[in-house]
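Report on one structure; see the data block that follows.
Computed from the coordinates by the stated procedures, all read-outs in this text should not be read as laboratory data. Remember, predicted model here, so these are calculated numbers, not experimental data. Positions of Cβ are generated from backbone atoms using ideal geometry, with glycine treated the same way; all protein chains shown enter the neighbour counts.
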Amino acid sequence: MPNTETVRRQRAIGGAMGVAVLGFALFYHFFPQLLHVQPSQNTPRSPMRGQPTTMGFDQRPQAAAPAMASEIDAGPPLVLAPASVIAARRREKNNDIQLPAQATPDSPELTAMLDRADRALTADRLVGKESAASLYMAVLKQKADSQRATAGMNEVRARLVAEIEQDIVLGDADAARDSLDALKSLPDSAADANPLQQRLAVLDKVRPLLGKAAEQLRDGHANQPRGDSALDTYRQVLQLDPDNAVALQGVIQVQHVVLDTALAAVAQNDFKAADAALAEAAVIEPESQALQDTRGRIEGMRRQSAAGVLAQARSALDAGNLELAQQLATQAQQISPDVAGIDDFNERLTNARLYASYKPGQVFADRFVDSTGQAPAMVVVPTGKFLMGSPDGERGHDPNEAPVHEVQVDKGFAVGRSAVTIGQFRDFVRASGYTPQSQSLQGGSVYDEASGGLRDDSAATWQDDYLGRPGQDRLPVINVSWNDAKAYADWLSQRTGKRYRLPSEAEFEYALRAGTTTRYWWGDGNPANKVENLTGANDRSASGRRWSNAFTGYKDGYWGPAPVMSFSPNPFGLYDMGGNVSEWVADCWHDNYIRAPRDTQAWVNPGCGRRVIRGGSWGSAPDMVRSAYRQGASADLRNARVGFRVVRELQ
């Protein structure tokens with residue numbers, strides 16, 4: 001038989017290789033992408049977690065013929081403790097064994113021989129020439145009661161038994177048989193040798209079965225077909241040898257293959273097949289940690305997949321495709337019945353069928369789809385109809401506000417809760433790189449305290465307040481042209497995926513009137529409360545100026561634009577519609593309403609250069625604050641009294 005020192009080195013090398021292979025297998029399984037391998041791309045012939053690799057569990061050099069290779073390559077690497085450690089554990093369990101009393105001390109010659117025997121034992125030279133066994137037996141022949149020699153022989157037997165047990169566990173029948181022959185050659189070894197002989201006989205029976213199971217694993221027959229799979233063969237082994245480590249490990253490997261099948265099914269969104277594979281894996285090893293971990297992973301993937309489908313349903317709902325939204329929501333619930341957010345979605349779907357996902361008066365703000373941030377707050381305006389324009393008898397009536405005509409508002413839309421602010425417009429300029437016309441065309445207008453009116457200023461830009469100083473973020477943006485306003489609305493459409501635009505003239509007047517038919521949205525005369533930032537007779541400029549044409553008895557405390565939403569909303573929940581700043585709308589300028597649309601569509605002529613401005617401002621005379629008042633201006637006008645707000649289409 002081979003020298004025990006050589007065997008020991010071989011086993012040490014084999015154990016290290018086994019640890020390396022096992023470590024690589026774990027790394028490959030959990031981090032395949034770092035090796036440029038995609039788990040979903042495994043072919044039936046590629047190594048998976050449940051399949052044996054080309055390196056067998058016994059890493060020691062073998063002289064077996066190729067036909068025997070499959071018998072040895074029967075599972076993953078097994079790493080066992082050294083024989084000396086196992087022997088020490090056996091001694092701990094049998095520490096009640098008493099050595100016979102020694103009549104006289106060992107002679108110096110015998111002591112020297114015992115020292116040599118101890119060194120051989122330490123070097124793991126158990127049997128053979130000049131081995132621990134031969135030296136201890138030589139001492140016992142001369143002195144049968146030598147306790148050192150008796151203890152040494154017991155240790156030799158214990159280590160040989162441990163090595164044989166290791167060989168049997170590893171499936172190395174040849175090495176086990178050699179070590180067993182050595183054990184039998186030792187005195188008093190029958191009690192240890194007989195059980196090992198029986199186990200070796202069992203190994204001879206199961207070894208071909210282990211090889212068959214390994215081949216079945218390699219051929220992709222882990223648990224199928226029934227009755228002729230690796231799982232069936234491993235179970236056959238366990239019937240013969242219930243403690244067979246390779247078969248026990250093989251069953252675990254088979255379960256891993258089934259669990260990989262479940263994960264692969266989830267990757268294809270086939271959760272029915274994944275559930276079937278999980279059920280099959282539970283039959284193999286119902287309490288395994290791998291099963292519990294995979295269940296958790298699949299449940300997380302199930303929830304994630306359902307959430308993704310539900311997100312698609314929300315997108316379909318936002319796009320107005322209610323039928324597709326319902327189908328996707330049903331699919332999400334089939335994947336995970338309690339998918340988070342399903343109740344809220346069903347409520348939204350109901351609202352969508354009734355009112356394009358919203359309710360009149362609802363306030364919302366769309367988030368940007370490609371970055372952080374959101375659009376201005378919008379208010380849903382109810383559908384209805386109204387009389388647009390002013391009758392001849394209305395004080396301040398202008399012919400361009402005639403004829404009065406009924407406009408049908410049969411399509412829901414949302415209007416900006418307030419005018420666009422300097423801060424909101426600044427976000428647009430920074431993100432888009434757009435150059436507003438106050439910069440490209442150099443200038444706008446500012447209020448001149450000396451003259452009490454507006455004057456052109458080539459240095460004025462959209463970033464300034466009405467005096468030409470740096471403006472606060474909550475002030476409405478001014479000195480923006482119609483072109484600037486449209487560019488902002490187009491940018492919002494791009495960032496949110498929704499349809500933003502400037503309001504049509506009909507939409508603006510409808511939203512301004514908010515269901516009223518009076519001269520102003522608050523009535524026919526001077527406001528009794530602070531309803532808007534208007535030209536109040538009791539307001540004063542910084543130098544004490546007064547308005548020459550103002551609302552009698554009114555004071556709002558501002559000379560120039562106020563921060564948005566500083567006053568009361570109108571009945572539709574919209575702020576500053578009749579004051580603060582006048583606002584651009586989408587329509588081209590027309591001198592009257594003859595042939596004007598009878599719906600809320602913008603009245604546009606291709607290539608027109610003049611656009612419509614609606615609503616009063618901080619510097620407008622009372623007649624210019626009327627709900628019907630309108631004026632036209634060049635699309636590139638920049639003015640300290642003109643800003644804008646946006647509309648968002650709902651359908």
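Under 17 Å from a label point set 7 Å out along the Cα-to-Cβ vector of Arg610, the amide N atoms of segment 572-602 belong to 584-596.
Taking amide H as placed 1.01 Å from N in the peptide plane, the amide H of Val480 sits under 5 Å from that of Asn639, each at least 5 places away or on another chain. Among beta bridges from DSSP that stay inside segment 434-570, the antiparallel ones total about 90%. Given their separation in residues at 0.36 nm each and the Cα-Cα distance between them, Asp636 and Thr383 gain 87.8 nm when the chain is fully extended. Once C-alpha pairs closer than 8 Å and six or more residues apart are averaged by separation and normalised to the residue number of segment 86-206, the relative contact order reads 21 percent. Annotation: for a label point projected 7 angstrom from Cα along Cα→Cβ of Thr330, residues of segment 269-313 with backbone N closer than 16 Å are 310, 313.
In this calculation the C-beta distance from Gln408 to Ile594 is compared with R0 = 22 Å, giving a FRET efficiency of 0.75. Hey, with R₀ at 41 Å, roughly what FRET efficiency would Ala311 and Asp219 work out to, going by the Cβ-Cβ distance, to 0.05? That gives a FRET efficiency of 0.45. Extension gain for Thr122 to Thr372 (0.36 nm times residue separation, less C-alpha to C-alpha distance): 83.0 nm.
Stretching Lys141 away from Gln98 to a fully extended chain increases their span by 13.5 nm, per 0.36 nm per residue minus the current alpha-carbon distance.
With Cα atoms defining each centre, segment 93-158 and segment 500-526 are spaced 112 Å apart in the structure. Pairs from the list Lys205/Lys272; Lys129/Lys205; Lys272/Lys359; Lys385/Lys530; Lys385/Lys555; Lys272/Lys498 with a Cα-Cα gap above 31 Å: Lys205/Lys272; Lys129/Lys205; Lys272/Lys359; Lys385/Lys555; Lys272/Lys498. Counting beta carbons within 10 Å around each of Asp490, Asp204, Asp338 and listing the fewest first gives the order Asp338, Asp204, Asp490. Structural size metrics of segment 378-649, computed from C-alpha coordinates, are Rg and Dmax of 17.4, 50 Å. Under 16 Å from a label point set 7 Å out along the Cα-to-Cβ vector of Ala319, the amide N atoms of segment 365-404 belong to 369. For segment 336-491, what does the alpha-carbon gyration tensor say about shape, rounded, prolate or oblate, given a ≥ b ≥ c as the root eigenvalues, a/c under 1.5 as rounded, and a/b over b/c as prolate? Oblate, because a/c is 1.5 or more while a/b does not exceed b/c. Sorted ascending by nearby beta carbons within 10 Å, beginning with the fewest, Leu317, Leu512 become Leu317, Leu512.
Annotation: the residues Glu163, Glu109, Glu394, sorted from fewest to most other C-beta atoms within 10 Å of their own C-beta, follow the order Glu109, Glu394, Glu163.
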